[in-house]
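Notes follow the structure.
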Amino acid sequence: MQTPLSRCTLLLGLSLTLLPMAQGVPQSGGDFSTNAEAKKLPTGVILVKGAWSSASDSVTPLPEGGRVVKNVYSNPYFGLTYELTPDWTEKYTGPPPSDSGYYVLAQIRPAETFKGASRASILIAAQDLFFTVAPAANALELVNYNKEGLNADYKVEQAPTMVRIADHSFVRFDYASPVAELHWQVLATQIRCHVVQFVFTSRDTQLIENLIQGMNKMTLPPEAGPISGNGGGEAPVCIRGYARDENVLEKVDPVFTERRFNPVPVRIIIAKDGRVKHIHFLSAFPDQAKAVTDAIFQWRFRPYLRDGKPIEVETGIMFGRAPRRATSSTNEAVSE
Amino acid sequence: MKPNKLALLLVCVSALPFPGVVFAQVDPGVRSGAINGQPTATPMNPLPLASVSSKDGSLQFFQNGLVRFQDVESVSNSPTGNNGLGPRFNFNQCSGCHSQPAVGGTGPANNPQFQVIGNGIVSSSTNTIPSFITANGPTREARFPFFFDQFGNPNTNAPNGGVEDLFTVSGRSDAGSCRLPQPSFAQAQATNNVIFRIPTPVFGAGLIENIDDSTLLANLAAQARNNLGISGTFNHNGNDGTISRFGWKAQNKSLELFAGEAYNVEMGISNEIFGQDRPLPGEDQLGSGLPANCLNLTRTGYPEDTTNFSPTVTSSDPFAVNASIPSDVVAFAMFMRLLAPPVPSTTTPGSAASIANGRSLFGAIGCATCHTPTISFTQPSNFTASLGSTSAPVSVNAFSDIEIHHMGTGLADNVSQGGAGGDQFRTAPLWGLGQRIFFLHDGRTTDLLRAIQAHQSSGSEASQVEENFDSLSPSQQQDLLNFLRSL
């Protein structure tokens with residue numbers, strides 16, 4: 001028979017025994033795992049994204065949706081195909097669209113099998129003219145603006161000039177770095193209110209010229225041109241600032257519950273009946289995308305008429321915090 | 001033919017098709033010579049900004065902060081009163097990890113975290129040295145991108161990203177009965193669920209703190225003219241929405257916040273900004289916090305670091321007395337704020353001509369687009385003239401745009417901080433790079449060439465610039481490496 005004292009001693013002993021266990025090796029969960037066979041995370045994969053691109057549906061083509069397949073870069077959004085030179089490839093895909101509307105569509109390099117003596121690279125990029133921080137309304141103005149910003153490291157080899165490629169007008173701008181012995185040739189056109197640029201970089205200008213000649217096999221939509229390129233044809237027309245008050249019949253403002261302070265650039269396609277049929281978030285956190293989606297599908301627009309008939313229109317809206325521009329010219333950054 | 005002659009012939013023949021290998025560019029290594037390029041600086045005595053003076057007290061505050069930055073912290077029985085360490089921590093002294101090439105810098109060659117058992121900082125009965133902490137490797141903090149689920153698998157639906165402190169005070173004589181396990185580092189490594197960060201050097205940090213947002217925005221607008229695939233953005237402070245700028249993801253707004261967070265997270269010392277002892281992320285968000293016997297280990301209440309209501313220094317110099325009154329966090333911040341930026345060498349490594357050419361190449365191929373050599377000027381400062389004044393603003397030669405950029409799958413750490421996603425990092429300021437040992441956010445390499453190459457991967461804004469670097473001749477690449485090591 002146990003006495004009260006012995007029972008108390010037993011309980012105390014049990015408690016002292018259990019105490020280290022309570023603070024010893026914890027069970028799996030949180031910061032701890034006791035599973036030696038636990039599944040591995042994949043490496044080289046971005047699993048945690050910040051503000052990123054997304055869309056309200058997975059069918060409508062997106063600017064960033066181009067791919068290299070069987071040595072052809074195809075971009076259904078821009079209606080563009082570009083056949084790569086044999087033995088050239090896309091080794092690394094680009095970053096997601098930026099919150100100022102800049103896209104790296106493809107980065108083309110010589111493949112391992114390339115036998116040429118010189119290297120070169122092709123950067124295919126796009127700048128959404130609805131969201132650019134540059135004071136440019138079309139491709140020609142943007143290329144000229146970039147040319148004016150060239151610093152002393154570079155030498156202009158050919159000022160922006162109109163050229164014909166693949167039966168379309170492009171603006172061509174050549175510059176070089178004497179110290180790096182590198183040459184850049186920029187060929188830009190405009191499609192769906194985006195400046196689409198092919199940037200060739202190499203030490204070998206003849207190689208670049210050969211690559212530019214290869215661009216003649218491209219296919220482009222009829223609208224493509226350095227000053228035109230405002231949609232139409234099979235694509236919606238694109239109109240900057242169409243979502244201004246006079247065109248919006250019904251509007252529900254999205255409510256962001258998190259204070260994130262980032263720009264949320266959004267492209268929408270407005271159907272013939274004035275309803276929003278597609279939303280493309282260039283850069284948004286998932287909760288922001290949901291809030292905008294919930295709100296903007298309730299918007300009603302005045303249908304856009306051409307020749308008296310309603311047609312689809314594409315426009316841009318900036319939610320969140322719009323990028324601010326410099327207010328003082330004395331605060332220009334100094335670059336090398 | 002004798003075997004040794006045959007071997008020699010084979011070596012010669014095999015080298016013929018690869019002449020570039022013999023003369024290939026190499027990282028010159030850590031630049032020798034003056035600490036931070038400042039002849040009067042020593043490893044224990046980095047220099048303050050030129051205008052810091054004993055006449056207005058700024059020098060006394062700098063010196064006081066420098067001393068406190070080197071204080072060794074105990075849990076509860078420090079003879080100098082430096083208590084509050086733990087219950088979890090990464091090291092017990094700011095300057096232990098911020099010491100290369102001088103106090104305020106980054107991780108040293110001999111990793112002090114590897115020596116914590118031998119030095120009696122932690123008990124071997126309750127702590128082991130994680131395998132990623134090595135004798136000559138980088139000083140590191142560890143983070144688990146994801147929490148483990150109940151089965152011990154990383155749960156990608158439960159992002160973590162917080163610091164998992166390496167050590168506990170358990171078993172120390174001044175830690176009472178507190179018993180805490182270390183996080184599951186081995187399983188985290190086995191499941192690819194751990195990433196690392198190394199200390200950021202803080203030389204010149206006061207100048208970065210004192211750049212107006214409009215200046216940074218002007219730089220971003222100018223940067224948009226590039227044809228390199230680059231388009232960055234800023235991280236913002238969650239309270240006031242202004243641009244934040246310190247830390248690997250620019251997640252901290254100010255040096256005081258930076259110091260307060262580090263004191264709490266890296267050393268486990270609660271303070272006037274972070275007022276509680278910090279549990280592990282899982283203990284905090286998924287569990288019940290720290291056990292009662294691991295709280296208030298100093299027995300003096302919280303926060304463990306406070307304003308000293310009475311001066312702790314007796315001196316005939318009133319400024320020295322004043323400097324002893326603020327909390328450690330305020331003193332740390334003032335030390336960092338008044339710490340001079342490194343001075344680049346114009347002659348080593350290589351030669352003046354090589355460095356000058358490297359500098360031109362750095363701009364020409366596009367490195368300078370993000371690693372902006374000079375972000376214009378500081379705003380007027382209330383602290384000292386070297387931080388800028390209305391009549392004489394100071395140029396900030398940090399080689400950074402303070403923006404966050406997508407760095408691709410090769411560098412992504414899957415940790416989100418503020419507005420920065422798992423692949424976005426602040427452009428690392430390059431001033432002082434010449435005397436750093438470890439590179440990139442996790443210190444994965446000591447080879448500058450490999451650090452440059454790591455900028456290229458899918459999803460990186462820097463891939464095109466790295467391609468341009470690859471297009472340079474070996475001698476041009478060498479000039480660029482020499483330039484970087486001159487900083």
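We did not get these values from a lab; they are worked out from the coordinates using the rules stated. Remember, predicted model here, so these are calculated numbers, not experimental data. All Cβ positions, glycine included, derive from the backbone under ideal geometry; neighbour counts span all protein chains shown.
Computed values, structure above
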item: Unit charges on C-beta of K, R, D, E only; dipole of the protein assembly as shown, Debye; result: 880 debye
item: Residues of type lysines that A:Lys147 reaches as a straight line, Cα spacing below 22 Å, ignoring anything fewer than 8 places off in the same chain; result: A:Lys155
item: Stokes-Einstein diffusion coefficient of the range B:183-223, Kirkwood radius over Cα pairs, 25 °C, 0.890 mPa s, in µm²/s; result: 176 µm²/s
item: Tensor-based shape of the range A:182-237 (alpha-carbon gyration tensor, a/c under 1.5 rounded, otherwise prolate or oblate); result: prolate
item: Ellipticity estimate at 222 nm from DSSP helix runs (n ≥ 4, -39,500 (n - 2.57)) divided over chain B, nearest 500; result: -7500 deg cm²/dmol
item: If the convex hull is drawn through the Cα atoms of the range A:119-166, its volume per residue in Å³; result: 138 Å³
item: Loop chymotrypsin sites (Phe, Trp or Tyr not before Pro), the range B:287-341 (other Cβ atoms within 10 Å of the site Cβ: 10 or fewer; DSSP); result: B:Phe309
item: Normalised contact order of chain B, rounded percent, pairs of Cα under 8 Å and 6 or more residues apart; result: 20 percent
item: Quarter of the Cα convex hull surface for the protein assembly as shown, i.e. its orientation-mean projected area (nm²); result: 46.3 nm²
item: Under 14 Å from A:Lys309, Cα to Cα: aspartates and glutamates that are on another chain or at least 8 residues apart; result: A:Asp273
item: FRET E, pair B:Asp284, A:Lys290, Förster distance 25 Å, beta-carbon r, rounded to 0.05; result: 0.40
item: The range A:108-169: relative contact order in percent, alpha carbon pairs under 8 Å with at least 6 residues between; result: 18 percent
item: Amide H contacts of A:Val72 (H built 1.01 Å from N, under 5 Å, at least 5 apart or other chain); result: A:Leu84
item: Neighbouring partner chain Cβ atoms per residue of A:86-94, average, 10 Å criterion; result: 4
item: Net charge of neighbours whose Cβ lies under 10 Å from the Cβ of A:Val248, counting Lys and Arg as +1 and Asp and Glu as -1; result: +1
item: FRET efficiency estimate (nearest 0.05) - Cβ-Cβ, A:Arg306 to A:Val252, R0 35 angstrom; result: 0.80
item: Order of A:Val104, A:Val255, B:Val72 - criterion: other Cβ atoms within 10 Å of each residue's Cβ, fewest first; result: A:Val255, B:Val72, A:Val104
item: Hz values of 3J(HN,Hα) by residue in the range A:283-299 - Karplus curve (6.51, -1.76, 1.60), Gly and Pro given as x; result: 7, 7, 6, x, 5, 5, 4, 5, 4, 5, 4, 4, 7, 6, 5, 8, 6
item: Degrees, to the nearest 10: A:4-22 long Cα axis against longest axis of chain A; result: 20 degrees
item: Chain A, dipole about Cα centre (Lys/Arg Cβ +1, Asp/Glu Cβ -1), debye to the nearest 20; result: 680 debye
item: Diffusion coefficient, µm² s⁻¹, Stokes-Einstein with Kirkwood Rh over alpha-carbon pairs of chain B at 25 °C and 0.890 mPa s; result: 103 µm²/s
item: Selected from A:Gly116, A:Gly320, A:Ala166, residue furthest toward positive end of dipole (chain A; charges at beta carbon); result: A:Gly320
item: Cβ-derived FRET efficiency at R0 56 Å, B:Phe309 paired with B:Ser475, nearest 0.05; result: 0.35
item: Ranked B:Met336, A:Met162, criterion: other C-beta atoms within 10 Å, fewest first; result: A:Met162, B:Met336
item: Under Karplus coefficients 6.51, -1.76 and 1.60, residue-wise ³J(HN,Hα) of the range A:229-240 in Hz, glycine/proline x; result: x, 10, x, x, x, 7, 9, x, 6, 10, 9, 5
item: Out-of-range pairs (alpha-carbon distance over 18 Å; input A:Lys49/A:Lys91; A:Lys70/A:Lys217; A:Lys49/A:Lys290; A:Lys40/B:Lys249; A:Lys251/A:Lys277; A:Lys251/A:Lys290); result: A:Lys49/A:Lys91; A:Lys40/B:Lys249
item: Rel. contact order, % - alpha carbon contacts under 8 angstrom, at least six apart, the range B:379-440; result: 28 percent
item: Hz values of 3J(HN,Hα) by residue in the range B:116-125 - Karplus curve (6.51, -1.76, 1.60), Gly and Pro given as x; result: 5, 6, x, 8, x, 6, 10, 8, 6, 6
item: Of B:Pro79, B:Phe61, B:Cys94, farthest towards positive along the dipole that unit charges on Lys, Arg, Asp, Glu beta carbons give the range B:40-170; result: B:Phe61
item: Among B:Thr300, B:Met267, B:Gln251 the positive-end extreme of the charge dipole of the range B:230-301 (Cβ point charges); result: B:Gln251
